[in-house]
Amino acid sequence: MVKTTISDEPRNGINEEDQFGLSAYEKGLEAFLRGAETPITIALQGEWGSGRTSLMNVLHDNLCGEDDKYGEYFSVWINTWEYTLMRDSSDALKQILLRMSKEIVSYGKSALREIDSKIMKSIMGLGVVLTKTLGNSYLNGAVDEVQEYIRSSQDNAIADLRNYIQAGIDECLRKNEEKKGFVFFIDDMDRIDPTVAVELLVLLKNIFTLKNCILVLAIDYDVVVKGLKPKLGELNDTNEREFRSFYDKIIQVPFTMPVSQYSTKDFLIKELKRIGIISSLDEKNEHLMNNIVKVENLTTGPNPRSIKKLLNTLSLIRCIKNAGGPVKKNHVPDEDEQDKALNTLLTIAIVGIQVAYPKVYQLLCDEFDEDWEKTLQQVCQSDRYLKKNASNISQLFNLLRSEILSASPLVKDNADTDEDKQDARDIVVRKCIQDQLSQSFITGLNASDM
């Protein structure tokens, strides 16, 4: 049976094909980490679905080995959101520390039994110290303030914990001379509460910035900004330096996922053909292929997760249509090749709008018979994300309008004036898009339903 969906699972390390042309970035980052002086912390920045976990999987395999036995580094992998479910922040942070420490100890086995006991007691006894440490002002220089607190604290629990963990790491490396150190992969920090993410950053900075340790964090600067808002307020020109200073004290190297450099055309066309949205004949239509790629660039963009959502949505609509479901056709049954190409382009474009710009899609559904172009401009101005993408949205609709009119003969009866001709063109455009909306409504999500 032909597969109808595309998995949204991250790339499973080096054994899975690189579909978006990231090899140079992967190899470059690997070489950088191999030659880095430790401790060092690097942040993988990018929106959800941009491929950070996939990159971490590849780095893991190259640096630590697929089975954690034959690489140059020991690995510790933490999915942070798993520890924040059904827990308060303090307990979640303790559990993360416990897991990271247990992973270190597991590589030393029985030789680290005494150190293991000391680490466990230190973490479980953090209580008041942890609360005070993470309850700092988060103002400019907050990291320095926390470090000073640790040095001057009579309890000194965190300093002791650092020493125990360093001793465990040193012992592991002494017994495994072929290893260079530990790489800690801290994933999904964007999925936890931003304030907890910031607290975790402070904790990692003050406990795990140790000799022979590399921290690879999946966290975006925007998350740090959100986590600091309770203390620093909204980001603006006057306090931006304070936000940046906090980030720079913890993160030595930011690596932004090179989404704009992703090569998605071949992947998109191959998968559209596989799910039956385009045919082999369509694939030879250079004009159609170029327009499909333009539509992708103007809607989902090169974000892998968004592209997969687009493809899976198109596949579902296709399955219902093939099963004889109530999907209207926007052309007569004996449509020519130009009509088929237009129909294909519009289907992809409307679903692309639904995936990337749900407010715009809803606007088309609700107000398409009115002066929707002006309404669209107003919506874009009132929404930060849409405002940022207003140019793409405008280009998209201009492209669709041009393609619809070039493929549709206009009725010139009673169209004596330029205004009448414009009205006739608007009717044609509305009719084509309205028919496409009737296909995609099954995968829509209304804000009123949430």
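The table that follows gives values for the structure above.
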item	result
Members of segment 159-169 found to be within 20 Å of Y107 (Cβ to Cβ), open to solvent by 10 Å² or more (accessible area, probe 1.4 Å) and in contact with a helix residue (DSSP H, G or I) (Cβ under 7 Å, 6 or more places away or on another chain), listed by number	R162, Y164, A167
Residue satisfying condition, being of a type in the set (G, A, S), buried (at least 17 other Cβ atoms within 10 Å of the Cβ) and touching a residue at least 60 places away in the same chain (Cβ under 8 Å), within set G21, G51	G51
S122 of a type in the set (G, A, S), open to solvent by less than 40 Å² (accessible area, probe 1.4 Å) and modelled with pLDDT under 90	yes
Hey, N212 closer than 25 Å to V58 by Cβ and in contact (Cβ under 8 Å) with a residue 24 or more places away in the chain or not	yes
Search result, residues across segment 52-66 that are in contact with a strand residue (DSSP E or B) (Cβ under 8 Å, 6 or more places away or on another chain) and not β-branched (V, I, T)	R52, L55, M56, L59, H60, L63, C64
Residue check, T53 within 19 Å of D220 (Cα to Cα), part of a helix (DSSP H, G or I) and of a type outside the set (A, V, I, L, M, F, W, C)	yes
Search result, residues across segment 200-224 that are in a loop (DSSP other than H, G, I, E, B) and under 26 Å from R113 (Cβ atoms)	F208, T209, L210, K211, N212
Complete set of residues in segment 170-199 that are open to solvent by 20 Å² or more (accessible area, probe 1.4 Å), farther than 30 Å from D222 by Cα and either out of contact with any helix residue (DSSP H, G or I) (no Cβ under 9 Å at 6 or more places or on another chain) or in a helix (DSSP H, G or I) (or both)	D170, E171, L173, R174, K175, E177, E178
Cβ-Cβ under 7 Å pairs, at least 6 apart or on other chains, segment 94-113 side closer than 13 Å to Y164 by Cβ, far side among the basic types (K, R) and in a helix (DSSP H, G or I)	G108/K175
Selected residue (only one of G65, G28 is free of Cβ contacts under 8 Å to residues at least 60 places away in the same chain and out of contact with any Gly (no Cβ under 7 Å at 6 or more places or on another chain))	G28
Test: G325 is modelled with pLDDT of 90 or more and more than 17 Å from T344 (Cβ to Cβ)	no
V360 more than 16 Å from C432 (Cα to Cα) and open to solvent by 20 Å² or more (accessible area, probe 1.4 Å)	no
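Let's see how each residue does on (1) under 17 Å from A218 (Cβ atoms); (2) out of contact with any strand residue (DSSP E or B) (no Cβ under 7 Å at 6 or more places or on another chain); (3) modelled with pLDDT of 90 or more:
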residue: K3; (1), (2), (3): no, yes, no
residue: G13; (1), (2), (3): yes, yes, no
residue: Q19; (1), (2), (3): no, yes, no
residue: G28; (1), (2), (3): no, yes, yes
residue: L44; (1), (2), (3): yes, no, yes
residue: T80; (1), (2), (3): yes, no, yes
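This table checks each residue for (1) at pLDDT below 90; (2) surrounded by 15 or more Cβ atoms within 10 Å (Cβ to Cβ); (3) part of a strand (DSSP E or B).
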| residue | (1), (2), (3) |
| --- | --- |
| V58 | no, yes, no |
| K69 | yes, no, no |
| S75 | no, yes, yes |
| Y83 | yes, yes, no |
| Q95 | yes, yes, no |
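The values are calculated or read from the model by the stated rules, or taken from the named source; none is laboratory data. Treat the numbers as computed from the prediction; the structure is a model and nothing was measured. FYI the Cβ positions are ideal-geometry reconstructions off the backbone, even for glycines, and counts take in every protein chain you see. Surface areas here come from the heavy atoms of the whole protein model, side chains and all, with no ligands, DNA or RNA. Shrake-Rupley method; radii C 1.70, N 1.55, O 1.52, S 1.80 Å.
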